[in-house]
Amino acid sequence: MQLTLKVWRQKNRDDKGGFETYQLGNVDHHASFLEMFDVLNDQLINEGKEPVAFDHDCREGICGACSMVINGRPHGPLKATTTCQLHMRHFKDGDTITVEPWRAKGFPVLRDLVTDRTAFDRIIEAGGFVSVNTGQAPDANSILIEKEKSDLAFEAAACIGCGACVAACKNSSAMLFVGAKVSHLALLPQGEPERSLRVLKMVAQMEAESFGSCTNTLACEAECPKGISVTNIARLNREYLWAGLTSGK
Amino acid sequence: MALDAKIPAGPLESKWTNYRSTVKLVSPANKRKLDVIVVGTGLAGASAAASLAELGYNVKVFCYQDSARRAHSIAAQGGINAAKNYRNDGDSIYRLFYDTIKGGDYRAREANVYRLAEASVSIIDQCVAQGVPFAREYGGLLDNRSFGGVQVSRTFYARGQTGQQLLIGAYQALERQVGLKNATLYTRHEMLEVVIKDGKSAGIIVRDLVTGEIQRHGAHAVVLATGGYGNVFFLSTNAMGCNTTAIWRAYKKGAYFGNPCFTQIHPTCLPQHGDYQSKLTLMSESLRNDGRVWVPKAKGEKRKAADIPESERDYYLERKYPSFGNLVPRDIASRAAKEVCDEGRGVGSTGLAVYLDFADAIKRLGQDVVSARYGNLFEMYDKITGEDPYTSPMMIYPAVHYTMGGLWVDYNLMTTIPGLYATGECNFSDHGANRLGASALMQGLADGYFVLPYTIGEYLSGEILSGKIDTNSEAFVAAEEAVKSRLSFFTNNKGNKSVDYFHKQLGKVMWDDCGMARSKESLTRAATEIAKIKEAFWKEVRVPGTDKEFNQELEKAGRVADFIELGMLMVQDALSREESCGGHFRTEYQTPEGEAMRRDDQYMFVSAYEFKGDDTAAQLHKEELKYEVVHPTQRSYK
Ligand SMILES: Cc1cc2nc3c(=O)[nH]c(=O)nc-3n(C[C@H](O)[C@H](O)[C@H](O)COP(=O)(O)OP(=O)(O)OC[C@H]3O[C@@H](n4cnc5c(N)ncnc54)[C@H](O)[C@@H]3O)c2cc1C
Ligand code: SF4
Ligand code: FES
């Protein structure tokens with residue numbers, strides 16, 4: 001198929017950046033969206049131009065590296081699908097496709113389609129863990145966990161930290177990401193001792209980064225490639241309220 | 001230098017226990033004076049970095065991704081083995097040890113593998129305590145499943161995302177240490193050189209991938225946990241950035257490289273379909289628990305799978321290996337698939353695929369159960385191929401997946417360079433000539449949580465009086481210069497071909513001539529071809545942009561330059577090992593039934609290669625393998 005691509009180009013963090021338009025012929029409809037970008041980059045290199053920088057690694061929808069806003073939608077048109085798992089068969093011959101980086105104050109652009117998402121790491125660093133040193137653990141089956149709870153915790157823990165929720169939100173809120181981690185650990189007995197402290201610290205860090213507040217537009221859930229549910233945001237709010245009331249802070 | 005594996009004396013079952021009670025310790029006050037660098041944040045690196053920081057060492061951690069959580073371990077699907085015997089099905093530490101040694105076709109060290117099996121038990125405890133949501137039964141206990149090459153259920157899993165959940169556990173433990181200021185994390189930093197001073201490891205040179213800045217980092221010990229090198233084949237199931245650079249730099253500075261040609265080709269991957277393809281996707285081996293592998297009995301069959309009656313299907317694994325059936329080890333399953341396709345019985349548009357069929361499982365268990373077990377894998381298959389595996393069988397073909405070879409390490413996980421360690425997939429140590437499913441995650445975490453934190457003390461106890469490492473020394477200056485000149489060579493070269501162009505050429509040669517089947521003839525041809533690719537690469541490669549900015553082509557160029565050299569060493573190793581074992585199949589050496597024929601009388605050793613210069617063949621050193629407990633036999637899964 002034949003495509004017109006309008007791609008965001010930006011040299012570095014300080015550059016203003018802008019769109020460039022490229023024509024691409026001979027794209028196989030079985031190729032993935034990133035393989036289509038490989039073909040574009042090969043073409044650019046052969047023309048002596050600089051290829052488009054973009055984050056990617058696993059290309060299996062699990063590492064959370066890939067991050068393109070495609071025709072205005074984070075990770076493109078398909079539900080529950082990362083950019084790397086999107087295939088060209090979902091586009092038509094002759095289409096014009098606009099590709100931009102995540103747009104959010106909390107995720108500054110480093111180059112072209114690559115953004116800095118280290119704010120997420122800092123939120124985890126603030127409290128997204130269970131404090132257990134290596135070697136301190138009791139026998140695994142001494143902790144019984146209801147299957148249903150364990151499954152719910154798993155579903156929250158399936159978040160890949162891609163940041164599409166932030167990119168999708170008009171307020172650039174990170175509540176879905178934070179809610180997923182708070183839920184994962186709050187649902188399990190292992191997370192219980194630090195339950196209150198964790199949510200307070202993670203929310204404080206989230207607020208210290210440049211993320212906006214949540215106004216319940218649900219755009220995050222709609223664009224999340226892992227189908228992380230907004231019930232996690234509700235749980236985050238409950239946990240936060242409860243922690244605030246009980247911790248005396 | 002003679003190779004000394006430093007295996008502790010005493011009976012197999014007590015070696016590690018005795019070692020731990022006699023190993024030299026470093027006091028907490030002294031740990032604070034010692035700096036340790038960990039390169040890599042996969043399961044091996046993140047677990048080591050977190051544990052060492054908890055112990056009180058000053059830890060610096062590096063990875064090339066934008067977050068430590070994105071290391072390639074995240075993609076592991078099926079599960080992790082542990083000898084918990086929660087199923088009461090006869091499992092034990094000895095049995096896990098035995099299965100791993102046998103699965104590795106008797107080319108791994110007994111003492112290391114026994115220790116691995118011992119540590120496996122604590123790994124599950126540790127991960128559960130961190131909040132890893134493993135699959136559970138209704139009673140609240142942990143669930144298990146089985147994997148290829150074994151007859152017990154000892155694999156713990158979290159749907160099809162076990163690697164993700166384990167890595168997030170280790171990543172969170174690491175981030176906790178970062179918050180406590182015991183560890184410093186450098187993401188988007190690539191290690192490009194190791195620094196050796198006075199015959200010991202002194203630190204590394206890294207490039208900040210955002211600004212291009214070259215930095216020196218000194219440490220009393222350096223741990224490489226940089227993963228496997230399957231991407232030497234261009235197409236593999238590895239993440240795009242997986243590379244050999246860190247261990248290749250170490251090799252060129254004097255660390256020996258163990259069994260470079262031992263590559264695992266995984267039987268259940270999506271078949272290749274076009275030239276633009278950038279990677280191959282694995283469909284977890286756990287699928288073989290319930291999926292049945294078959295091809296039509298007739299050559300050139302054109303009917304759709306559903307239209308081929310039972311009597312005209314050949315369930316060749318069940319036929320040839322009745323006791324293990326669809327769960328034979330990977331090397332055997334892969335070769336069997338290649339064999340039926342070579343006979344002209346392959347399916348799909350290229351004829352390079354076999355069916356993996358769930359119709360029986362769906363009938364027996366119901367779609368709900370199948371979907372609970374494999375739902376995300378089925379979805380992934382559908383997304384990539386546009387076909388629904390609930391209604392028509394999957395098509396699969398073998399693909400490069402894992403490299404058993406890697407830096408040679410002794411029992412302490414130390415390379416031949418004092419103070420330089422290698423853990424996880426990047427060392428050669430535990431899987432012999434073939435790795436069993438669900439054992440890589442086990443090894444990475446055993447190394448990082450439970451082995452290295454002890455063994456590193458043995459060396460570091462001698463470094464307490466060294467003081468801070470001076471990064472202004474001649475050794476650092478020279479290493480930095482070498483890195484800079486290589487980078488500027490690339491950006492200034494007036495070539496006209498992209499890095500990928502050469503990588504694809506290399507991959508094709510490696511796959512065709514040093515892949516699932518190898519012969520003297522194919523390997524000799526490969527050696528000539530790779531030499532040509534190397535020459536052309538350095539003349540004709542084009543890297544746009546500069547080295548002072550974010551430049552992904554420049555990153556790739558360095559990696560591919562190292563892959564080309566590694567490819568040559570793999571071919572040299574495959575040529576010199578005149579036997580078949582595990583994933584290394586030399587067509588000249590097979591039994592009358594076409595199975596791998598080991599030659600224990602001549603090749604019962606680890607090949608460890610020493611770098612001798614760019615234009616000279618590497619020198620082979622042999623570490624004899626002594627089997628004191630297990631008696632090697634012809635591996636049989638019939
Ligand atoms: C698709 C797939 C599925 C798998 N499923 C299973 C399974 O079910 N069970 C199982 O046991 N095994 C499985 N494996 C194998 C297993 O995942 C790997 O062997 C294992 O995760 C490797 O872990 P590691 O920590 O050694 O390296 P990796 O996870 O590869 O981590 C390497 C780290 O090193 C860093 N790095 C590399 N080079 C440099 C450099 N030059 N500078 C700085 N940093 C660098 C990277 O950034 C990364 O952080 C699977 C593998 C694949 C490909
Ligand atoms: S919640 Fe969803 S969109 Fe947000 S980071 Fe996690 S996986 Fe990505
Ligand atoms: S590249 Fe890993 S999720 Fe897309």
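Across the protein chains, with a 1.4 Å probe defining accessible surface, the residues B:His631, B:His401 rank B:His631, B:His401 from largest area downward.
In this structure the amide hydrogen of B:His621, modeled in the peptide plane, comes within under 5 Å of the amide hydrogens of B:Ala608, B:Tyr609, B:Glu610, none closer than 5 places in sequence on its chain.
Here B:Ile93 sits with roughly 50 square angstrom of accessible surface, probe radius 1.4 Å.
When the helices in chain B are scored as -39500 (n - 2.57) per DSSP H run of 4 or longer and the sum is shared across all residues, what 222 nm value do you end up with, to the nearest 500 deg cm²/dmol? The partial results should precede the final answer.
Details: 18 runs with 230 residues, N = 638.
Taking each H run of at least 4 residues, the total per residue is -11500 deg cm²/dmol.
Per-residue mean of foreign Cβ neighbours for B:70-79 is 4 (Cβ atoms of other chains, 10 Å radius).
When the charge dipole of chain B is built from unit charges on Cβ atoms (+1 for Lys and Arg, -1 for Asp and Glu) and taken about the Cα centre, the candidate among B:Met516, B:Cys426, B:Gly582 whose Cα reaches farthest toward its positive end is B:Cys426. What's the total accessible area buried between chains A and B, using a 1.4 Å probe, rounded to the nearest 100 Å²? Heavy-atom accessible area buried at this interface is about 6200 Å².
With +1 assigned to the C-beta of every Lys and Arg and -1 to the C-beta of every Asp and Glu, and no other charges, what is the dipole magnitude of the range B:474-603 about the Cα centre in debye, to the nearest 20?
On the way: 20 positive and 24 negative charges, 117 e Å.
In debye, rounded to 20, the range B:474-603 gives about 560.
If I stretch the segment between B:Arg87 and B:Ser21 completely, what's the gain in nm (0.36 nm per residue apart, minus their alpha carbon distance), one decimal? Intermediate values should be presented prior to the final figure.
Values: separation 66, 0.36 × 66 = 23.76 nm, distance 3.14 nm.
Contour length minus Cα-Cα distance gives 20.6 nm.
Sorting B:217-228, B:562-573 by their mean Cβ neighbour count within 10 Å, with the most densely packed peptide first, gives B:217-228, B:562-573. Residues whose amide H falls under 5 Å from that of B:Leu192, counting only those 5 or more places apart or on a different chain, are B:Ile205, B:Val206, B:Arg207, with hydrogens built in the peptide plane. Remark on the range B:346-457: ratio of C-alpha radius of gyration to 2.2 N^0.38 Å is 1.53.
With θ taken as phi - 60° and the Karplus curve 6.51 cos²θ - 1.76 cosθ + 1.60 applied, the whole-hertz 3J(HN,Hα) list for the range B:144-150 is 9, 9, 10, 10, x, x, 9 Hz, x standing for glycine and proline.
Amide H contacts of A:Thr98: A:Lys6, A:Asn71, each under 5 Å away and 5 or more positions distant or on a separate chain (H built 1.01 Å from N in the peptide plane; Pro and chain starts excluded).
With a 1.4 Å probe and all protein chains left in place, how much accessible area per residue does the range A:3-111 have, in Å²? Can you show the working numbers first?
Numbers: 4220 Å² over 109 residues.
Accessible surface, normalised per residue, equals 39 Å².
Based on the Kirkwood radius over alpha-carbon pairs, what value in µm²/s does the Stokes-Einstein equation return for the translational diffusion coefficient of the range A:3-111 at 25 °C and 0.890 mPa s? Before the final figure, lay out the partial values.
Numbers: Rh = 14.3 Å.
The Stokes-Einstein estimate is 171 µm²/s.
Residue separation of B:Lys302 and B:Ala482 scaled by 0.36 nm, minus their Cα-Cα distance, works out to 59.0 nm of gained length.
For the pair B:Glu624 and B:Ala536, the difference between a 0.36 nm per residue extended length and the Cα-Cα distance amounts to 27.8 nm. The trypsin sites (Lys or Arg not before Pro) found in the range B:123-210 that occupy coil by DSSP, while having at most 14 further C-beta atoms within 10 Å, are B:Lys181. Probe radius 1.4 Å, ligands and nucleic acids ignored: give me the carbon and sulfur share of the accessible area of the range A:3-111 as a rounded percent. Taking all protein chains in place, the range A:3-111 shows 47 percent carbon and sulfur surface. The Cα trace of the range B:1-135 gives Rg and Dmax of 17.4, 48 Å, the first to one decimal, the second as a whole number.
The residue list B:Ser14, B:Gly495, A:Pro189 was ranked by how far each Cα lies along the charge dipole of the protein assembly as shown toward its positive end, using unit charges on Cβ atoms, and A:Pro189 comes out on top.
Listed values for the range B:608-625 are Karplus-derived 3J(HN,Hα) couplings in whole Hz (6.51 cos²θ - 1.76 cosθ + 1.60, θ = phi - 60°), namely 10, 9, 10, 5, 10, x, 5, 10, 10, 5, 5, 8, 8, 10, 10, 9, 5, 9, and x replaces Gly and Pro.
Selection among B:Gly545, B:Ala526, B:Gln505 by position relative to the dipole of the range B:474-603 gives B:Gly545 as farthest towards the positive end (Cβ unit charges, Cα centre). For the range B:347-368, backbone nitrogen atoms closer than 17 Å to the point 7 Å from A:Ala80 Cα along Cα-to-C-beta are found at B:367-368.
If R0 is 51 Å, what FRET efficiency do you get for B:Asp470 and B:Glu343 from their C-beta distance, rounded to 0.05? Don't skip to the answer; put the middle values down first.
Details: r = 64 Å, r/R0 = 1.25.
Between B:Asp470 and B:Glu343 the formula returns 0.20.
Per the Kirkwood formula applied to alpha carbons, chain B shows a radius of gyration over Rh ratio, Rg over Rh, of 0.95. Computed over the alpha-carbon pairs of the range B:48-197, the distance histogram in 5 Å steps reads 2, 9, 14, 17, 17, 16, 12, 9, 3, 1, 0, 0 percent, short to long. Using a probe of 1.4 Å on the protein chains alone, the accessible area found for B:Tyr106 is around 0 Å². With no solvent and one equal point scatterer placed on each C-alpha of the range B:182-260, evaluate the Debye formula and give log10 I(q)/I(0) for q = 0.18, 0.19 Å⁻¹, two decimals. Each listed q corresponds, in turn, to -0.85, -0.94.
Skip the ligands, DNA and RNA, and give the accessible area per residue of the range A:118-247 with a 1.4 Å probe, whole Å².
Working: 5200 Å² over 130 residues.
That works out to 40 Å² per residue.
Considering only A:Leu200, A:Leu144, A:Leu110, the Gaussian network model of chain A with Cα springs below 10 Å gives its largest mean-square fluctuation to A:Leu144. Taking every alpha-carbon pair in the range A:73-155 and binning the separations at 10 Å intervals from zero gives 12, 24, 27, 21, 13, 3, 0 percent. Residue-wise HN-Hα couplings along the range B:132-142, as the Karplus relation 6.51 cos²θ - 1.76 cosθ + 1.60 with θ = phi - 60° gives them from phi, are 5, x, 5, 4, 10, 8, 5, x, x, 8, 6 Hz; Gly and Pro carry x.
Can you pull the percent of the range A:118-247's accessible area that's carbon plus sulfur, 1.4 Å probe, other chains left in place? The nonpolar share, carbon plus sulfur, comes to 54 percent.
Tell me, rounded to the nearest percent, the portion of alpha carbon pairs in the range A:118-247 spaced more than 23 Å apart. Let's see the in-between values first.
Working: 2493 of 8385 pairs.
Of all Cα-Cα distances in the range A:118-247, 30 percent exceed 23 Å.
For B:Asp388, B:Asp615, what's the largest-to-smallest order of accessible area, 1.4 Å probe? Before the final figure, lay out the partial values.
Numbers: B:Asp388 55, B:Asp615 150 Å².
Largest accessible area first, the residues go B:Asp615, B:Asp388.
With respect to chain B, whose longest principal axis is taken over its alpha-carbon atoms, helix B:552-576 is tilted by about 70°.
Angle of helix A:195-208 to the longest C-alpha principal axis of chain A, folded into 0 to 90 degrees and rounded to 10: 40°.
For chain A, the alpha carbon convex hull comes to 148 Å³ per residue, rounded to a whole number.
With only Lys, Arg, Asp and Glu charged, each at its Cβ (+1 for the first two, -1 for the last two), find how big the charge dipole of the range A:121-203 is about the Cα centre; round to the nearest 20 debye.
On the way: 8 positive and 9 negative charges, 73 e Å.
The dipole of the range A:121-203 has a size of about 360 debye.
Taking the Cα centre of chain B as reference, the dipole from Cβ charges on Lys and Arg (+1) and Asp and Glu (-1) amounts to some 440 debye. In plain terms, the bigger the Kirkwood radius, the slower the diffusion; for the protein assembly as shown, with that radius from Cα pairs, at 4 °C and 1.567 mPa s, Stokes-Einstein puts D at 47 µm²/s. Counting only the Cα atoms, the range B:266-400 fills a convex hull of 108 Å³ per residue. For A:Phe33, the accessible surface of its heavy atoms amounts to roughly 0 Å² (probe 1.4 Å, protein chains only, rounded to the nearest 10).
The values are calculated or read from the model by the stated rules, or taken from the named source; none is laboratory data. Please read all numbers here as calculations on a predicted model, not as lab measurements. No Cβ is skipped: glycine too gets one built from the backbone with ideal geometry, and neighbour counts run over all protein chains shown. Each accessible area value is taken on the protein alone, full model and side chains, heavy atoms only, with ligands, DNA and RNA left out. Shrake-Rupley method; radii C 1.70, N 1.55, O 1.52, S 1.80 Å.
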